[in-house]
Amino acid sequence: MSLKSYAHETSAIFHTDARRVFGVMLSFLCEKANITQRELGRRSEKYRQYLIEKKHIRNAYETGGIDQASICRAVKGKRPLSYSQVFIWLHLIKEQLESEEYKASGMGFYMSKELETDMWRLALYGTPEEVVYAYCKYVHMLEKDRDTEELPAVRRTVKLDKKEQAV
(Lines give C-alpha, C1' and ligand atoms only; values in the text may rest on other atoms or scores of the structure.)
Protein backbone atom coordinates (compact mmCIF):
# COMPACT_ATOMS: atom_id res chain seq x y z
CA MET A 1 0.00 0.00 0.00
CA SER A 2 1.50 3.35 -0.94
CA LEU A 3 0.78 6.64 0.74
CA LYS A 4 -0.89 7.82 -2.48
CA SER A 5 -3.24 4.84 -2.51
CA TYR A 6 -3.96 5.59 1.12
CA ALA A 7 -4.69 9.26 0.38
CA HIS A 8 -8.46 8.93 0.70
CA GLU A 9 -7.97 7.87 4.32
CA THR A 10 -5.06 10.09 5.33
CA SER A 11 -7.31 12.97 6.29
CA ALA A 12 -9.04 10.83 8.90
CA ILE A 13 -5.73 9.36 10.05
CA PHE A 14 -4.19 12.79 10.63
CA HIS A 15 -7.26 14.44 12.13
CA THR A 16 -8.47 11.79 14.58
CA ASP A 17 -7.58 8.18 13.91
CA ALA A 18 -3.85 8.25 14.72
CA ARG A 19 -4.59 10.05 18.00
CA ARG A 20 -7.20 7.41 18.84
CA VAL A 21 -4.65 4.65 18.29
CA PHE A 22 -2.11 6.63 20.36
CA GLY A 23 -4.69 6.79 23.14
CA VAL A 24 -5.39 3.07 23.10
CA MET A 25 -1.67 2.37 23.09
CA LEU A 26 -1.08 4.82 25.97
CA SER A 27 -3.76 3.02 27.96
CA PHE A 28 -2.18 -0.32 27.05
CA LEU A 29 1.25 0.88 28.20
CA CYS A 30 -0.19 2.15 31.48
CA GLU A 31 -1.74 -1.27 32.08
CA LYS A 32 1.52 -3.03 31.28
CA ALA A 33 3.47 -0.65 33.53
CA ASN A 34 0.92 -1.21 36.29
CA ILE A 35 0.34 2.53 36.64
CA THR A 36 -3.04 4.24 36.74
CA GLN A 37 -3.84 7.36 34.76
CA ARG A 38 -4.22 9.19 38.08
CA GLU A 39 -0.74 8.12 39.21
CA LEU A 40 0.75 8.95 35.80
CA GLY A 41 -0.85 12.40 36.08
CA ARG A 42 0.63 12.94 39.56
CA ARG A 43 4.08 11.85 38.45
CA SER A 44 3.78 13.98 35.30
CA GLU A 45 3.15 17.13 37.31
CA LYS A 46 6.16 16.42 39.56
CA TYR A 47 8.37 15.67 36.56
CA ARG A 48 7.20 18.81 34.76
CA GLN A 49 8.14 20.85 37.86
CA TYR A 50 11.56 19.19 37.84
CA LEU A 51 12.00 20.08 34.13
CA ILE A 52 11.05 23.70 34.88
CA GLU A 53 13.52 23.88 37.80
CA LYS A 54 16.30 22.49 35.60
CA LYS A 55 15.35 25.00 32.85
CA HIS A 56 14.56 22.27 30.31
CA ILE A 57 11.18 23.90 29.79
CA ARG A 58 10.26 27.50 30.57
CA ASN A 59 6.87 27.11 32.19
CA ALA A 60 3.92 24.79 32.78
CA TYR A 61 1.91 26.42 29.97
CA GLU A 62 4.48 25.19 27.46
CA THR A 63 3.65 21.53 28.15
CA GLY A 64 -0.11 21.66 27.94
CA GLY A 65 -2.19 19.65 30.38
CA ILE A 66 -0.51 16.56 31.77
CA ASP A 67 -2.87 15.70 34.62
CA GLN A 68 -5.32 12.80 34.76
CA ALA A 69 -8.01 14.70 32.83
CA SER A 70 -5.52 15.42 30.02
CA ILE A 71 -4.43 11.79 29.96
CA CYS A 72 -8.10 10.77 29.74
CA ARG A 73 -8.59 13.11 26.77
CA ALA A 74 -5.45 11.69 25.15
CA VAL A 75 -6.68 8.12 25.68
CA LYS A 76 -9.94 9.05 23.96
CA GLY A 77 -8.06 10.77 21.12
CA LYS A 78 -9.93 14.01 21.76
CA ARG A 79 -7.18 16.61 21.32
CA PRO A 80 -3.88 17.15 19.55
CA LEU A 81 -0.91 16.30 21.75
CA SER A 82 1.96 18.61 22.57
CA TYR A 83 5.53 17.40 22.21
CA SER A 84 6.01 17.90 25.97
CA GLN A 85 2.96 15.80 26.88
CA VAL A 86 4.19 12.88 24.79
CA PHE A 87 7.75 13.25 26.08
CA ILE A 88 6.71 13.36 29.75
CA TRP A 89 4.21 10.49 29.59
CA LEU A 90 6.47 8.17 27.61
CA HIS A 91 9.46 9.02 29.81
CA LEU A 92 7.55 8.18 32.98
CA ILE A 93 6.06 4.96 31.61
CA LYS A 94 9.49 3.86 30.42
CA GLU A 95 10.99 4.81 33.79
CA GLN A 96 8.33 2.69 35.53
CA LEU A 97 8.97 -0.28 33.22
CA GLU A 98 12.71 -0.06 33.91
CA SER A 99 12.40 0.36 37.69
CA GLU A 100 13.73 -2.31 40.04
CA GLU A 101 10.34 -2.45 41.76
CA TYR A 102 8.60 -3.25 38.48
CA LYS A 103 11.20 -5.82 37.49
CA ALA A 104 10.87 -7.49 40.92
CA SER A 105 7.10 -7.77 40.39
CA GLY A 106 7.77 -10.22 37.57
CA MET A 107 5.49 -8.41 35.11
CA GLY A 108 8.30 -8.24 32.57
CA PHE A 109 6.97 -5.91 29.84
CA TYR A 110 9.60 -3.91 27.95
CA MET A 111 8.99 -0.85 25.79
CA SER A 112 11.25 -1.25 22.78
CA LYS A 113 12.75 1.71 20.95
CA GLU A 114 10.56 0.74 17.98
CA LEU A 115 7.39 0.94 20.09
CA GLU A 116 8.47 4.27 21.56
CA THR A 117 9.18 5.63 18.07
CA ASP A 118 5.80 4.42 16.84
CA MET A 119 4.11 6.18 19.76
CA TRP A 120 5.74 9.43 18.65
CA ARG A 121 4.51 8.80 15.13
CA LEU A 122 0.96 8.12 16.34
CA ALA A 123 1.11 11.45 18.18
CA LEU A 124 1.81 12.95 14.72
CA TYR A 125 5.52 13.59 15.33
CA GLY A 126 6.85 11.91 12.23
CA THR A 127 6.73 12.24 8.46
CA PRO A 128 3.37 11.50 6.80
CA GLU A 129 4.68 8.11 5.68
CA GLU A 130 5.87 7.27 9.19
CA VAL A 131 2.53 8.25 10.72
CA VAL A 132 0.58 6.11 8.23
CA TYR A 133 3.03 3.25 8.78
CA ALA A 134 2.58 3.38 12.59
CA TYR A 135 -1.18 3.75 12.22
CA CYS A 136 -1.41 0.68 9.96
CA LYS A 137 0.80 -1.23 12.36
CA TYR A 138 -1.37 -0.61 15.44
CA VAL A 139 -4.87 0.19 14.17
CA HIS A 140 -5.98 -3.29 15.20
CA MET A 141 -5.43 -2.17 18.83
CA LEU A 142 -8.72 -0.28 18.55
CA GLU A 143 -10.39 -3.69 18.48
CA LYS A 144 -7.98 -5.44 20.85
CA ASP A 145 -9.20 -7.92 23.43
CA ARG A 146 -8.42 -6.24 26.76
CA ASP A 147 -7.39 -9.60 28.28
CA THR A 148 -4.56 -10.10 25.79
CA GLU A 149 -1.19 -10.09 27.54
CA GLU A 150 0.95 -9.06 24.59
CA LEU A 151 0.72 -6.71 21.66
CA PRO A 152 -1.45 -8.43 19.06
CA ALA A 153 0.33 -9.95 16.11
CA VAL A 154 1.13 -7.64 13.25
CA ARG A 155 -1.25 -8.20 10.35
CA ARG A 156 -0.32 -5.99 7.41
CA THR A 157 2.37 -5.09 4.98
CA VAL A 158 2.68 -1.43 4.11
CA LYS A 159 4.52 -0.23 1.02
CA LEU A 160 5.93 3.22 1.58
CA ASP A 161 7.61 4.72 -1.45
CA LYS A 162 9.57 1.87 -3.02
CA LYS A 163 10.27 -0.25 0.02
CA GLU A 164 7.87 -2.68 1.58
CA GLN A 165 7.81 -3.12 5.33
CA ALA A 166 5.94 -5.75 7.30
CA VAL A 167 3.87 -4.24 10.07
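Summary of computed values
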item	result
Residue pairs meeting the criteria (Cβ under 6 Å; at least 6 apart or on separate chains; first in contact (Cβ under 8 Å) with a residue 24 or more places away in the chain, in region 35-63; second of a type in the set (Asp, Glu) and surrounded by 15 or more Cβ atoms within 10 Å (Cβ to Cβ))	GLY41/ASP67
For VAL24: the one exception among (1) in a helix (DSSP H, G or I); (2) without any contact (Cβ under 8 Å) to a residue 60 or more places away in the chain; (3) surrounded by 17 or more Cβ atoms within 10 Å (Cβ to Cβ)	(2)
Elements of type helices (runs of 4 or more DSSP H) in region 67-152, at least 3 residues being at pLDDT 95 or above and either among the acidic types (Asp, Glu) or surrounded by fewer than 13 Cβ atoms within 10 Å (Cβ to Cβ) (or both)	113-122
Condition check for TYR47: outside any loop (DSSP other than H, G, I, E, B) and in contact with a His (Cβ under 8 Å, 6 or more places away or on another chain)	yes
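The values are calculated or read from the model by the stated rules, or taken from the named source; none is laboratory data. Since this is a predicted model, take the numbers as computed values, not measurements. Backbone-built Cβ (ideal geometry, glycine too); neighbour counts: all protein chains shown.
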